[in-house]
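The structure appears right after this line, and notes come after that.
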Protein chains: 2
Amino acid sequence: MNDTEETPGRSERRDAAENRQRILEAALRLFEQQGVEQVSMNQIAIEAQIGPGTLYRRYRNKGELCLDLMKENIVLLFENIETHLKQHRADPPSQRLKGLLALFIRFREKKSQLLTGVEESASTNRFKSRTQSPLYLELHELLVELFDEMKVDGQSSPNQPDSVFKADMLLMALSSESYLFQRDERGYSPEKFLEQIWLTFHS
Amino acid sequence: MNDTEETPGRSERRDAAENRQRILEAALRLFEQQGVEQVSMNQIAIEAQIGPGTLYRRYRNKGELCLDLMKENIVLLFENIETHLKQHRADPPSQRLKGLLALFIRFREKKSQLLTGVEESASTNRFKSRTQSPLYLELHELLVELFDEMKVDGQSSPNQPDSVFKADMLLMALSSESYLFQRDERGYSPEKFLEQIWLTFHS
DNA sequence: TTGACAAGCGGAGACATCTCCGTTTAATAT
DNA sequence: ATATTAAACGGAGATGTCTCCGCTTGTCAA
């Protein structure tokens, strides 16, 4: 939970660890007060009493910071998903898909603002790489497995799109931009959204 | 073609019209030299020899400017689509959908950079309102009609998602973020992408 | 022609992102 | 203890977005 970096290389310097704490606390405080969207990296640096350079050394953008603030919840999400998939091993894959989607949507509701924060900076910055975040990579893998299983069972239509492609499309459909638009503009409740998205991708 | 504004109210002031021309020419020049992505509103203002305020008065962001530069092509796109739909009136709706998608993908390839420009500023700014652009609204309408028709024909699965929802998802799938990722990272050619997207949404 | 005035202009400036680099400092070796 | 050094710091500044507002200028009516 402590490892922002993969390489265990050497332990974090004391002052650095201190600053990391300061940043996370400051960000959390400001996010709660003003909403993720409204808070700038600058404000966070000031609130944490560090220079902008120090903040950017650790988090290249607000998205990475948001991701760090969600680490625990993401781990929990995947634990829940694993559990669910195991418990329903016997169900048809499209049913397990629905369960997975339900869990993800619940997660997305709980961490709505932070997730949006992640996605916005991710697409502003890297090579369109919201899709590279470990969160999405891991979900993608699970989805591909499920879709492949559906194909084999093959009660459904004869020619289906590639599972990788289909998983990509489903993840687009689950993005903040898509989900919040459906919820806030089209007026779908989370449950209705789940129903619709499942109908769109289950076969 | 001249109407950036809906209200015909009163004709454009002479100096304003002049500036509009200057802006469009400057933008086109810079976009060609450096690519849409790399050019800032600032540079455009300087190249057009006007103040930043003047530029922003006319175009609230780079996206609007890109849209204006594409106006003609968008009109042509819709003419092509209308023509195609009429000529294939007798074909099954899913076939007409494929034609429409092919036309859109061709358009998207031709105007790739500008379209990305539109979508990026649109989502950075307004209420997630890439979806509000007339381009997408009009496409959405056409898609809904086709999906509704497919439902009625009803050879396909019994319960389908709402056509509005499905059209929204399809448009997400056709966005720059999605399309360019598939093309550049997953390595799908435009033709393969068309095939896959059609398989995903035709039923 | 002239006067009035809405529309347009433009640049200063508020803020934001992000980088560069000289300085400081914690950790480790001696 | 002290020296060494890689890492971390911090803030100035380059560049960008976007707004505000006093000034200028077409346009139209008289």
query: Considering only A:I50, B:S163, A:L77, whose Cα is most displaced toward the positive end of the charge dipole of the protein assembly as shown, charges sitting on Cβ of Lys, Arg (+1) and Asp, Glu (-1)?
result: A:I50
task: Of all alpha-carbon pairs in the protein assembly as shown, indicate the percentage at a distance above 38 angstrom.
output: 29 percent
Cα-based Rg / Dmax (Å) for segment A:62-201: 15.0, 45
query: With the contact rule set at Cα under 8 Å and sequence spacing of 6 or more, what percent relative contact order holds for chain A?
result: 19 percent
- prompt: Tally Lys/Arg at +1 and Asp/Glu at -1 over every other residue whose Cβ is under 9 Å from the Cβ of A:E47; what's the total?
  reply: +1
- prompt: Hey, which of these cross-link pairs are over 28 Å Cα-Cα: B:K86/B:K110; A:K98/B:K86; B:K86/B:K192; A:K192/B:K151; A:K151/A:K192?
  reply: A:K98/B:K86
query: Tell me, what % of the accessible area of chain B is carbon and sulfur with a 1.4 angstrom probe?
result: 49 percent
field: Degrees between helix A:190-201 axis and first principal axis of chain A (Cα, 0 to 90, nearest 10)
entry: 60 degrees
- request: About the Cα centre of the protein assembly as shown, how large is the charge dipole given +1 on each Lys and Arg Cβ and -1 on each Asp and Glu Cβ? Please answer in debye to the nearest 20.
  value: 600 debye
message: Taking the rotation axis that maps chain B onto chain A, which residue of B brings its Cβ closest to that axis, and at what distance in whole Å?
response: B:M172, 2
query: Using a 1.4 angstrom probe on protein heavy atoms only, which residues from segment B:178-203 are buried by at least 40 Å² of accessible area when all chains are present rather than their own chain alone?
result: B:F181, B:Q182, B:E185, B:R186, B:Y188, B:Q196, B:L199, B:T200
statement: Label points for B:E138 built 7 Å along Cα→Cβ; distances to same position in the other copies, nm, shortest first, come to 4.5
query: How far apart are the A:R58 label points across copies, placing each 7 Å from Cα toward Cβ, in nm, shortest first?
result: 4.6
Nearest-first distances (nm) between copies at A:L28, label 7 Å from Cα via Cβ: 5.5
task: Take the alpha carbon atoms of segment A:58-99, find their center, do the same for segment A:128-203, and report the distance between the two centers in whole angstrom.
output: 14 Å
- line: In Å, the Kirkwood estimate of hydrodynamic radius for segment A:136-203 over Cα pairs equals 12.8 Å
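The values are calculated or read from the model by the stated rules, or taken from the named source; none is laboratory data. What you see is a predicted model; the values in this text were computed from it and never measured. When we count neighbours, we look across all protein chains shown, and the Cβ atoms used for this are built from the backbone with ideal geometry, even at glycine. Heads up: the accessible areas ignore ligands, DNA and RNA and are worked out on the full protein's heavy atoms, side chains in. Shrake-Rupley method; radii C 1.70, N 1.55, O 1.52, S 1.80 Å.
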